[in-house]
Amino acid sequence: MNLAKNWKKLCLGSVALLATVTLVACGSNTSSSKKSAGNADLNKKQTITLWSFTTMQPQIDELKKEKPNLTIKQVVVPYANFQTKLDSVLGTDKAPDMVALDAGFVEKYVQSGKLTNLGDYGVASAAKGNYQYTLDMGKDSKGKQVAVSYQAAPGAYYYNTNVFQKYLGIAPNDVASAQKALSSWDAIKKTGETIKEKSGGQAYLFSSLEEIYNPVIGARKDGWVIDNKLKIDSSMTDSLDLMKEAVSEGWCQNTIPQTPDWYGGISSNKIGAYAMPSWGLFYWLKNYAKDTAGAWRVTEGPVSYSWGGTWLAGVQGSKNADAASALAVYMGTNKEFQTWDVKTQNDFGSVKAINKEQGKDAKVSLIGGQNPYPVWSKVADTINGKNQTQYDQSIQSIWINDVVNPYATGKVTKSKALDTFKSDVKSAYPNIEVK
């Protein structure tokens with residue numbers, strides 16, 4: 001699977017491709033605003049420079065088979081340095097033709113005005129079968145599609161049937177009962193308390209607070225900034241007391257996410273459930289369920305959210321912007337290529353029909369032979385892609401550091417935590433109105 005090791009770098013690699021990516025194939029019109037089929041022809045000999053934060057070599061190798069005259073020169077910039085380096089070249093003759101953008105910062109570039117309008121390359125008709133949230137996240141403030149995802153990354157709860165059977169009496173294959181136990185935040189609290197009580201405090205429902213705040217952040221109605229004003233969605237504040245209770249009442253172990261303690265719980269039979277994206281099954285669970293492989297199952301949980309993903313875009317003014325833009329659409333929508341990706345890269349595709357076809361008979365031994373595709377599809381259909389803003393990555397980090405962690409561990413009052421958060425957001429973004 002095409003994944004970097006740092007969780008912030010992780011992305012699904014489901015590469016979807018548009019049939020032939022000529023405007024004739026995409027349903028071209030004769031408007032002068034449309035690019036000509038010749039300029040967007042990926043069958044002619046040409047080179048596209050692609051900047052990415054993680055290697056896309058498997059996809060590039062497959063593209064070479066599909067489009068033998070097309071050369072993709074990949075430049076992998078470390079995640080921590082990617083935005084700084086990209087910012088320094090956008091708008092200059094040193095800019096790449098094409099960029100791969102992580103979910104954490106895609107909105108920054110979508111709203112930058114420096115990406116091409118993929119509507120000129122037939123994306124509207126080509127992407128009719130894509131998950132709506134992936135499209136919404138690639139639209140700028142004027143509604144133009146300037147980036148397209150080549151995978152979906154629905155979040156879910158992966159739960160340990162050994163823990164659920166021992167302390168909750170839920171049979172391994174009774175996914176419906178497990179979903180009921182995780183169906184709302186009230187149900188989750190009750191389930192956590194039961195596991196603590198029945199285990200004598202030796203087992204926990206969750207390993208970290210991330211199992212609560214990631215779904216909450218992903219499912220909130222409103223983004224962090226609306227009309228240039230800081231907006232704290234009510235679900236964010238509503239979840240704070242739940243997280244504090246999870247720590248104080250001892251049904252969350254309160255580990256630091258993506259650390260040895262967090263990973264170790266996957267194989268310990270002491271943690272009931274983890275909130276992970278679709279790619280978490282083939283990456284984290286596969287790598288760390290040494291003594292619990294086969295004991296896991298997946299269910300949607302209380303809310304629909306996404307975690308991770310990669311959006312592709314052409315860069316305005318670059319040497320091969322036309323071909324790069326056509327390739328972005330090609331990689332975001334073509335069924336043949338996406339079929340290859342889902343089958344060979346363990347990815348969940350951005351095109352609904354491919355997941356339905358490839359996942360109809362899927363049986364994953366890691367989760368006891370369960371087919372995860374119906375769960376992922378159900379979640380992906382209802383993810384809100386309109387709650388994203390260009391400030392998300394930074395403000396989310398401030399929220400977790402200033403509010404979630406100190407309040408949940410009893411170090412500060414809620415009002416003090418919120419005041420600190422607002423002050424730090426104002427310092428980071430003086431242009432944003434904070435009340």
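Kindly indicate the residue of the stretch 327-343 that is of a type outside the set (Phe, Trp, Tyr) and touching an Asp or Glu at 6+ places or on another chain (Cβ under 8 Å) and also modelled with the highest pLDDT among those meeting that condition. So that I can check it myself, show each step before the final result.
Step one: of the stretch 327-343, the residues of a type outside the set (Phe, Trp, Tyr) are 327-329, 331-336, 338-339, 341-343.
Of the ones still in play, those that are also touching an Asp or Glu at 6+ places or on another chain (Cβ under 8 Å) are 336, 339, 341.
On the way: GLU336: 87, THR339: 90, ASP341: 87.
Step by step, filter the stretch 327-343, then rank; the result is THR339.
Output yes when any residue across the stretch 405-424 is within 23 Å of the chain's Cα centre (by Cα) and at pLDDT 95 or above, and no when none is. Show your work before the answer.
We begin by selecting, within the stretch 405-424, every residue within 23 Å of the chain's Cα centre (by Cα); these are 405.
Those left that are additionally at pLDDT 95 or above: 405.
Within the stretch 405-424, one or more residues are within 23 Å of the chain's Cα centre (by Cα) and at pLDDT 95 or above.
Which ones in the stretch 367-376 are surrounded by fewer than 20 Cβ atoms within 10 Å (Cβ to Cβ) and either touching a strand residue (DSSP E or B) at 6+ places or on another chain (Cβ under 9 Å) or small (Gly, Ala, Ser) (or both)? Don't jump to the end; show me each part of the working.
Pass one, the stretch 367-376, residues surrounded by fewer than 20 Cβ atoms within 10 Å (Cβ to Cβ): 368-369, 371, 374.
Selection gives GLY368, GLY369, ASN371.
How many residues are hydroxyl-bearing (Ser, Thr, Tyr) and crowded, with 21+ Cβ neighbours inside 10 Å if we restrict to the stretch 269-289? If you could, list the steps in order and put the result at the bottom.
Initial filter on the stretch 269-289 (hydroxyl-bearing (Ser, Thr, Tyr)): 274, 278, 283, 288.
After this cut, where a residue has to be crowded, with 21+ Cβ neighbours inside 10 Å as well, the list is 274, 278.
Residues in the stretch 269-289 being hydroxyl-bearing (Ser, Thr, Tyr) and crowded, with 21+ Cβ neighbours inside 10 Å: 2 in total.
Quick check on my filter: what residues within the stretch 370-416 are in the same structural domain as SER278 (by TED's automatic domain parsing), assigned to a helix (DSSP H, G or I) and in contact (Cβ under 8 Å) with a residue 60 or more places away in the chain?
ASP392, GLN393, ILE395, GLN396, TRP399, ILE400, VAL403, VAL404, ASN405, TYR407, ALA408, LYS414
Please indicate, with yes or no, whether at least one residue in the stretch 172-180 is crowded, with 19+ Cβ neighbours inside 10 Å, more than 18 Å from TRP307 (Cβ to Cβ) and either in contact with a His (Cβ under 7 Å, 6 or more places away or on another chain) or of a type in the set (S, T, N, Q) (or both). Explain how you work it out, then say what you get.
We begin by selecting, within the stretch 172-180, every residue crowded, with 19+ Cβ neighbours inside 10 Å; these are 175, 178-179.
Filter once more, keeping what is more than 18 Å from TRP307 (Cβ to Cβ): 175, 178-179.
Pick out the ones that are also either in contact with a His (Cβ under 7 Å, 6 or more places away or on another chain) or of a type in the set (S, T, N, Q) (or both) and you get 179.
Yes: the stretch 172-180 contains one or more residues that are crowded, with 19+ Cβ neighbours inside 10 Å, more than 18 Å from TRP307 (Cβ to Cβ) and either in contact with a His (Cβ under 7 Å, 6 or more places away or on another chain) or of a type in the set (S, T, N, Q) (or both).
Residues of the stretch 301-331 being closer than 17 Å to PRO154 by Cβ and within 15 Å of the chain's Cα centre (by Cα), which ones? Break it down stepwise before answering.
First, pick out the residues of the stretch 301-331 that are closer than 17 Å to PRO154 by Cβ: 301-311.
VAL303, SER304, TYR305, SER306, TRP307, GLY308, GLY309, THR310, TRP311, listed by residue number.
Within the stretch 237-260, is even one residue at pLDDT 95 or above, closer than 30 Å to ALA147 by Cβ and assigned to a strand (DSSP E or B)? Full working, then the answer.
Step one: of the stretch 237-260, the residues at pLDDT 95 or above are 237-260.
Narrowing further to those that are closer than 30 Å to ALA147 by Cβ: 239, 257-258.
Then drop every residue that is not assigned to a strand (DSSP E or B), which leaves none.
Within the stretch 237-260 (the criterion being at pLDDT 95 or above, closer than 30 Å to ALA147 by Cβ and assigned to a strand (DSSP E or B)), the answer is no, since none of the residues qualifies.
Can you find a residue that is polar (S, T, N, Q) and in a helix (DSSP H, G or I) anywhere in the stretch 291-301? It would help to see each step written out before you state the result.
Within the stretch 291-301, the subset polar (S, T, N, Q) is 292, 299.
Cutting the leftovers down to in a helix (DSSP H, G or I) gives us none.
For the stretch 291-301, residues polar (S, T, N, Q) and in a helix (DSSP H, G or I): absent.
The values are calculated or read from the model by the stated rules, or taken from the named source; none is laboratory data. A quick note: this is a predicted structure, and the numbers were derived from the prediction, not measured. Every residue, glycine as well, gets a Cβ built from its backbone with ideal geometry; the counts of neighbours run over all protein chains shown.
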